[in-house]
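Remarks on the structure that follows.
Nothing in this text is a laboratory measurement; each read-out follows from the coordinates by a stated rule. From a predicted model like this one, the values you see are computed outputs, not experimental measurements. Please note: Cβ atoms are built from the backbone with ideal geometry, for glycine as well, and neighbour counts cover all protein chains shown.
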Amino acid sequence: MNSLDPILDCIYIIDDDYASTFYHKLLIKKGDYANVVMSFSSVETAIDHFFRRGEDYIHPDLILLDLNMPALGGWDFLEAIQNNKSIFSPLPSIIIVSASVNLEDRIRADESDLVFDYLSKPISNDALVKIIKKHLVKTRVN
């Protein structure tokens, strides 16, 4: 899927685990899948970034979202988006990336109209390519 130019403008990673974030950033950069990869170690900083819209703001095409984090978690982030959809417009494709084996999390993700997909950590390059292709099909349809 590699081309001369990055495929997406921006991907956000919202995850408190440094090793996962580092690995996923490396995967995205190595594949040249996005011009910009921004990471947030907490839901609070990610939400603040969306609401603040400072000079460094770039609207994401994709968000890789961990569920289990201290204080606010991935479900809290999704709730913030649900309650403020106009601020997050156009809605990015949100991919839950979790080490959770909780079946309830998967069911809840499947039932959410905000969740684009659910992947287990760590994401493989093949899984990332499939998600990007799926996202590109979605954006062409919309």
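Counted over the chain, the DSSP beta bridges are approximately 0% antiparallel.
Candidate cross-link partners of K138 among the lysines, defined by an alpha-carbon separation under 21 Å and a same-chain spacing of 8 or more, comprise K85, K130. Between the beta carbons of N102 and D32, assuming R0 = 25 Å, the FRET efficiency works out to 0.15 to the nearest 0.05.
Normalising the average separation of contacting C-alpha pairs (under 8 angstrom, six or more residues apart) by the number of residues puts the relative contact order of the range 8-141 at 23 percent. With θ taken as phi - 60° and the Karplus curve 6.51 cos²θ - 1.76 cosθ + 1.60 applied, the whole-hertz 3J(HN,Hα) list for the range 34-41 is 8, 5, 9, 10, 10, 10, 10, 8 Hz, x standing for glycine and proline. Values [x] 37; [y] 10; [z] 30 are given for comparison; percent of Cα pairs over 28 Å apart, derived from the coordinates here, is the one labelled [y].
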